[in-house]
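Inspection log for the structure reproduced underneath, given as structure tokens.
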Amino acid sequence: MSELLRDAWYFAAASAELKPGQQFRRFILGEPVMLARGRDGRAFALRDVCPHRAAPLSAGRQVETDGAVTIECPYHGWRYGPDGACKFIPSLIEGQPYEAGRIRTRAYQTHEAHGLVFVYVSADPRFEGAPPAPPVLDAPETAPNIVTTRIFASDMDNAVVGLIDPAHVPYVHSQWWWRPPSAGRKLKEKRFEPRELGWAMARHAPAANSLAYRWLFGSDVTTEIVFKLPGYRWEVVESGAKRLYTLTCLTPEHEGSTRITQVTYWKNAWIMDALKPWLVPAARDFLDQDGRMVDLQNEGLKYTPSMLWIDDIDVQAKWYLTLKREWTKAKAESRAFVNPIQPTTLKWMS
Ligand code: FES
Ligand SMILES: [Fe+2]
């Protein structure tokens, strides 16, 4: 998993998944991570391997140690704080020369906003400095209306390329209310501009052959789509005071396994509230359609691991790899990231 970007914030879990006093295991960039919320309400994340004899801390329980939150390892009861330091070794007696505080498991810095928990994955597992700013979400509400997750049998790069690929939409998502085959293909001409760590498809009226947005938001609707490293895409749909914000977060779990989480927020859109019982399965359908296509694609990739990318439809896929290369180069040269994307208009039929 060497080509994965480190020194970056990754989506870890929805806030609602993390109940106070509980924890669970998730994989992030090939590492087992215990995601937890203390009874004090604070989310924290530790490498889910006890430094003593490797039992998963997530299988333990939370207990208080000197009035503070700690997780107790299920095997021999060593206790760790949210900073990863061991706070207590129950077997020790007075005069034995072990200092619990010198034993540490890796602690991941966390950030919680808009009902989502992010972890900072540094290249240096011992990094304790100030991380770069976490992803700034422009979500219109503090908590998501819908969260949908699926694990794709795909590496991170292929998952990102699938997410930002406009050409598959009329074929993979051809349900009647989204892109009915009868809508046909239309010439798309979109203006793109560089954004921090990514790019944006500038604000535009949604495709004339995209039915759902017009039904939900009326005719004066505009959308803006942004992609940002390491793997975030969001789409803002606006019409007057109505606002719909859909964020897709990609988190590599293992080689060939990527967690896709789609989070939707809306504001002043009563019709969305009314439709929510249908929107939840619809959101799941969308991800399932992409996930099934990845499974099919894997059948072919066994025999031909290479792919073809063509202009202009696949330019965004090329940008993604260019951005990643620049990211890696900037780190190696200890300099600031310089976005190599130039404002461009791309044209395609879809
Ligand atoms: S393995 Fe965790 S305390 Fe021994
Ligand atoms: Fe898709």
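The values are calculated or read from the model by the stated rules, or taken from the named source; none is laboratory data. In this text the structure is predicted, and so the values were computed from the model without any measurement. No Cβ is skipped: glycine too gets one built from the backbone with ideal geometry, and neighbour counts run over all protein chains shown. Areas reflect the complete protein model, heavy atoms only, side chains present, ligands, DNA and RNA absent. Shrake-Rupley method; radii C 1.70, N 1.55, O 1.52, S 1.80 Å.
Quick check on segment 314-321. Is at least one of its residues more than 14 Å from ligand 2 (Cβ to nearest atom), open to solvent by 70 Å² or more (accessible area, probe 1.4 Å), over 26 Å from T149 (Cβ atoms) and outside any helix (DSSP H, G or I)? Within segment 314-321 (the criterion being more than 14 Å from ligand 2 (Cβ to nearest atom), open to solvent by 70 Å² or more (accessible area, probe 1.4 Å), over 26 Å from T149 (Cβ atoms) and outside any helix (DSSP H, G or I)), the answer is no, since none of the residues qualifies.
The residues of segment 284-303 that are within 14 Å of ligand 2 (Cβ to nearest atom) and among the acidic types (D, E), listed by number, are D285, D288, D290, D295. Among all residues of segment 265-280, there is at least one that is assigned to a helix (DSSP H, G or I) and buried (at least 17 other Cβ atoms within 10 Å of the Cβ). Among the residues of this structure, P140 does not count as one that is open to solvent by less than 30 Å² (accessible area, probe 1.4 Å), outside the structural domain of Q342 (by TED's automatic domain parsing) and within 14 Å of the chain's Cα centre (by Cα).
With the condition kept exactly as written, say whether any residue in segment 182-200 is open to solvent by 30 Å² or more (accessible area, probe 1.4 Å), under 30 Å from A8 (Cα atoms) and in a loop (DSSP other than H, G, I, E, B). Checking segment 182-200: at least one residue is open to solvent by 30 Å² or more (accessible area, probe 1.4 Å), under 30 Å from A8 (Cα atoms) and in a loop (DSSP other than H, G, I, E, B).
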